[in-house]
Amino acid sequence: MFTKKKMSLFLVLFLASMVLMACGGGSEEGSGDGGESASSGDENINIRFAHEEGQGDVQDLYVNEFKNRVEEQTDGRITVDVYTAGTLGGNSDMFTQLQTGAIDFAISSPGFTGTIIPQTQIMAVPFLFSDNMEVNKKVLDESEALYGTLAEKYEEKGLKPFKFWLEGFMYWTANKPITEPEDMKGMKMRGMPTDLIMESYRQMGADPQGTDSGEIYTMLQTGGIDGQENPLFYIYSSNFYEVQDYLMDSKHHIYTTVTVANSDWFSTLAEEDQTLIEDTIQEVNDWSFTMQQEEQEKAMAEIEKSDIEIIELTTEQRDAFKELSAPVRDAYVESGGEGAQEILETIEADIEAAEEELN
Ligand code: 6CS
C-alpha cells in the first residue's frame with residue numbers, strides 16, 4: 001500500500017522523469033541501437049549527405065528533394081549539404097566515410113558494398129526482379145527480406161538503412177550487338193565491382209571488369225572495356241551513348257540502391273527529428289518512383305536522336321541469358337554470408353506474391 005508521503009514522492013519522481021524525457025535526456029527510444037538521444041528537437045542540425053551520381057542525376061534529384069522538404073519543414077533549422085559523386089573520393093570510399101561518421105547520410109548502392117556486407121549482393125542477382133516495375137517498387141518498399149534480415153546486417157556495421165529503392169531497368173551498351181550468349185563471349189563488360197556482379201558476367205561468358213564509375217567513359221573510349229550496364233538516365237547523362245554503337249534493351253536487372261545513415265549519429269537526434277527525417281525519406285521514396293521513370297523517358301528521347309542503334313531483346317533472347325545466369329542464385333547463397341538463403345527465399349516469395357497481386 002502507498003502512504004500519502006510515498007505517493008507524493010512517487011509523483012515528484014514520475015514528473016521529473018517526464019521532464020527529463022521531454023528534454024531528450026536519457027531517452028533510448030527510437031535510437032535504433034539503444035544509444036542516447038542528445039538533441040532536443042529545436043537544435044540546429046547540418047546533415048552531410050553524399051551520393052554516387054552527378055548533378056541532375058536520379059540520386060541527386062532524390063537528395064535535393066529531401067533537402068528541400070526537410071529545410072522547408074523546419075524553417076532551415078535542419079540543413080542538408082549535398083555531396084555529389086567524386087567530391088569525397090571514389091564509389092567505395094563513401095561507405096567507409098559513412099561508417100566512420102565523416103558523413104551522416106548517403107545513397108549507397110549494393111553494387112559497391114558486397115565486400116563489407118556480402119548479404120547486400122542479393123541485389124546483384126540478374127533477372128531476380130520482375131518485369132513489372134510496380135511489383136519491384138512494392139517489394140523494395142516492403143519486403144521483410146530487406147527490412148528484417150538484411151537491415152540487421154547493415155546495423156551490425158553501424159549503419160541504419162531507411163529505404164531500398166530503384167533507379168530503373170539495366171541496359172547493356174557495346175560496340176557490337178549483344179542478342180545471344182555467344183555475343184558476350186570474352187567481352188570486357190564493366191559492372192559495379194561487387195563479386196556477384198562479376199560472377200554473373202562470368203556465367204554469361206564475359207570477361208567482367210569492376211571499375212569505379214568515374215573511369216567508365218574513358219575506358220569505353222580507349223577500349224579498356226567493350227561494354228557496360230546501367231539505367232538509361234545514366235547512359236545518357238554520362239555520355240556513354242556517344243562512345244558506343246549499340247544499346248541493348250535487355251532489362252536483365254534493375255538498379256537498386258539504399259538510403260542509409262550512420263546509426264550513432266542518427267541516434268543522437270531528438271525523437272521528433274528522427275521521425276521527421278524518416279517520414280520525409282518515405283515521402284521522397286514514393287516521389288522518386290515517378291521521377292526516375294520520367295528521367296528514363298527523357299533520356300531515351302535524347303538517345304534516340306543520336307547515332308546509337310537500339311536493339312530490343314525478344315523474350316526468347318532474354319530467356320537465354322536468364323538461364324545462363326541462374327547459378328548466380330546458388331553463388332549468392334554460398335558467398336552471401338549468414339542469412340543469405342533466407343533473404344533469397346523471402347525476396348523470391350515476395351516478388352511472386354506481388355506479381356500475383358499486381359499483374
Ligand atoms: O555504374 C555505376 O557505377 C553507377 N551507376 C549508377 C546508375 N549510379 C551510381 C553508380 O556509381
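The values are calculated or read from the model by the stated rules, or taken from the named source; none is laboratory data. Keep in mind that what you see is a predicted model, and the values were worked out from it rather than measured. Using ideal geometry, Cβ is built from the backbone for each residue, glycine included, and neighbour counts are taken over all protein chains shown. All accessible areas refer to the heavy atoms of the entire protein, side chains included, with ligands and DNA or RNA removed. Shrake-Rupley method; radii C 1.70, N 1.55, O 1.52, S 1.80 Å.
Positive contributions from Lys and Arg (+1) and negative ones from Asp and Glu (-1), summed over other residues with Cβ under 14 Å from the Cβ of residue 196, come out at -3. Comparing 79, 218, 280 in a Gaussian network model of the chain (Cα springs below 10 Å), the most mobile by mean-square fluctuation is 218. A 1.4 Å probe, protein heavy atoms only, puts the accessible area of residue 87 near 90 Å². Entry note, the stretch 12-358: relative contact order of 25 percent, from Cα contacts under 8 Å with a spacing of 6+ residues. Taking 0.36 nm per residue of separation and subtracting the Cα-Cα distance, full extension of the segment from residue 79 to residue 312 would add 79.5 nm.
Within the full protein context, the accessible area of residue 131 is estimated at about 100 Å² for a probe radius of 1.4 Å. Simple rule: put +1 on each Lys or Arg Cβ and -1 on each Asp or Glu Cβ in the stretch 51-151, find the dipole, and look at 62, 82, 113; the Cα lying farthest toward the positive end is 113.
Scalar couplings 3J(HN,Hα) for the stretch 65-81, obtained by applying the Karplus form with A = 6.51, B = -1.76, C = 1.60 to θ = phi - 60°, are 5, 4, 4, 4, 5, 5, 5, 5, 5, 9, 6, x, 5, 9, 10, 10, 9 Hz; x denotes Gly and Pro. Kirkwood radius, the stretch 298-359, all distinct C-alpha pairs, inverse of mean reciprocal distance: 15.0 Å.
DSSP beta bridges confined to the chain are antiparallel in about 55 percent of cases.
Within the stretch 12-358, the percentage of alpha carbon pairs spaced more than 33 angstrom apart rounds to 29%. Beta bridges per DSSP, both residues in the stretch 139-290: antiparallel share near 70 percent. Magnitude of the charge dipole for the chain, about its Cα centre and with charges confined to Cβ atoms of Lys, Arg (+1) and Asp, Glu (-1), is about 1100 debye. Summing charges over all other residues whose Cβ lies under 10 Å from the Cβ of residue 226, with Lys and Arg as +1 and Asp and Glu as -1, gives +2. Determine the distance separating the Cα centre of the stretch 278-324 from the Cα centre of the stretch 115-190; give it in Å without decimals. Between the Cα centre of the stretch 278-324 and that of the stretch 115-190, the gap is 14 Å.
Taking only alpha carbon atoms, the stretch 159-231 gives an Rg to Rh ratio of 1.02, where Rh is the Kirkwood radius.
Electrostatic bookkeeping for residue 311 treats Lys and Arg as +1 and Asp and Glu as -1; over the other residues with beta carbon under 11 Å from its beta carbon, the sum is -4.
Remark: accessible surface ordering of 287, 265 (largest first) is 287, 265, probe radius 1.4 Å.
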